[in-house]
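Data first, discussion second: the structure below is written as structure tokens.
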Amino acid sequence: MNIITPTADGSNTLYNETIGEHYHSKHGALQESRHVFIDAGLKFVSAEKSDISILEVGFGTGLNFILSVDYCSQHNIHLDYTSIEAFPLTTEVINQTGYSAYVSSEIWNSFISNYNEALHHPQALSEHCKLEIPHTTLDNFTTVKRFDLIYYDAFSVQHQPEMWTNEIIAHACNFLKPGGTFVTYAITGNLKRAVKACGFTIEKLPGAPGKREMLRAIKI
Ligand SMILES: C[S@@+](CC[C@H](N)C(=O)[O-])C[C@H]1O[C@@H](n2cnc3c(N)ncnc32)[C@H](O)[C@@H]1O
């Protein structure tokens, strides 16, 4: 069961009763998503590319997705977005988040109307934006595609340790192109070692409010 919960910046998140954790930071869902994934990830990669493929781990509410579409439409970027999700939410729950307020109605409506189909097949939301949400767990996910950017947005190591083992991080990193970028809201000694072992250089960046630091890593 997921319960809609307000966060400190006024945006909502969901509280997942089974896992015992929120989908986003209690200090601000919207500001965390913008800080970690858009500013440290997408903006960084878009300095050198105008055609960007993203692999997200944990689609959840789609907040990272809609903010990415918004950014790409404002900067004339072609976006190819694949997001693995083991437990997809219903459109009814997604509609209750209030996230439609953060993007144009055109972006929101094309997201909602393509969401269920995107769980089965890639969908073109516009000429410039494709979405696919493989309904599977990360460990069972495979593809021949390689991505420019990974948004690693799993529940925390305290609540879902199996999403932060060396093996699963290496599995995810395998889908990144050489020179590709990996961003996540978390940073721990184990995570840094796991990513370095995959041949990445790492950067510690200031975290979103409520977290001192976050990780950005580049595949050599
Ligand atoms: C922190 S939330 C993601 C928040 C999301 N990015 C958003 O913007 O709303 C973590 C997500 O990972 C999903 N998840 C849990 N276990 C998973 C697994 N083994 N493989 C893929 N996704 C998983 C959860 O269902 C949840 O949607």
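What follows is calculated from the coordinates using simple rules that are stated; it is not laboratory data. All figures in this text were calculated on a predicted structure; none of them were measured in a lab. Virtual Cβ from ideal backbone geometry, glycine too; neighbours counted across all protein chains shown.
Read phi for every residue in region 35-50 and hand back ³J(HN,Hα) as whole Hz from Karplus 6.51 cos²θ - 1.76 cosθ + 1.60, θ = phi - 60°, with x for Gly and Pro.
5, 7, 8, 7, 6, 7, x, 5, 4, 4, 5, 6, 5, 10, 9, 10
With Cβ to Cβ distances under 14 Å as the rule, what net charge do the other residues near Asp51 carry (K, R +1; D, E -1)?
Cβ neighbours under 14 Å give a net charge of +1.
Taking amide H atoms as placed 1.01 Å from N in the peptide plane, list the residues 5 or more away in sequence, or in a different chain, whose amide H sits under 5 Å from that of Ala186.
Amide H to amide H, under 5 Å and 5 or more residues apart or across chains, Ala186 pairs with Leu215.
With each label point set 7 Å from Cα along the Cα-Cβ vector, what nm distance links Arg212 and Val93?
Those two pseudo-labels are separated by 3.4 nm.
Convex hull volume of the Cα atoms in the chain, per residue, in Å³?
Taking only Cα atoms, the chain has a hull volume of 111 Å³ per residue.
Cα centroids of region 147-202 and region 34-72: how far apart, whole angstrom?
Centre-to-centre (Cα) distance: 16 Å.
How charged is the neighbourhood of Ala8? Take every other residue with its Cβ under 15 Å from the Cβ of Ala8, and add Lys/Arg as +1 and Asp/Glu as -1.
Its environment carries a net charge of +1.
In the chain, what cysteines have no partner Cβ closer than 4.7 Å?
So far as the 4.7 Å Cβ criterion goes, Cys72, Cys129 stand without a partner in the chain.
Among residues other than Ala101 whose Cβ falls under 15 Å from its Cβ, what is the net charge (Lys/Arg +1, Asp/Glu -1)?
-2
If neighbour count is taken as other Cβ atoms inside 10 Å, put Ser50, Ser104, Ser83 in order from fewest to most.
Ordered from fewest to most neighbouring Cβ atoms within 10 Å, Ser50, Ser104, Ser83 come out as Ser50, Ser104, Ser83.
In whole Hz, with x marking every Gly and Pro, tabulate ³J(HN,Hα) for region 136-144 from phi via Karplus 6.51 cos²θ - 1.76 cosθ + 1.60, θ = phi - 60°.
Going residue by residue, I get 7, 8, 4, 5, 8, 7, 8, 7, 8 Hz, with x marking Gly and Pro.
Mind ranking 116-126, 55-65 by how tightly packed they are, going by the mean number of other C-beta atoms within 10 angstrom, highest first?
Top to bottom by mean Cβ count within 10 Å: 55-65, 116-126.
Contact order normalised by length for region 30-219, with contacts defined as Cα pairs under 8 Å and 6 or more residues apart; what percent is it?
Relative contact order comes out at 23 percent.
Would you grab the residues whose amide H sits under 5 Å from the one on Ile150? Only those 5+ places off in sequence or on another chain, please, with H modelled 1.01 Å from N.
Result for Ile150 returns Leu55, Thr181, Phe182, Val183.
So who's got an amide H within less than 5 Å of the one on Leu119, skipping anything under 5 residues away but keeping other chains? H placed 1.01 Å off N, in plane.
Result for Leu119 returns Ile133.
Whole-Hz Karplus ³J(HN,Hα) for region 174-183, in order, using 6.51 cos²θ - 1.76 cosθ + 1.60 and θ = phi - 60°, x for Gly and Pro?
Taking θ as phi minus 60°, the curve returns 4, 8, 8, 6, x, x, x, 10, 10, 10 Hz for region 174-183.
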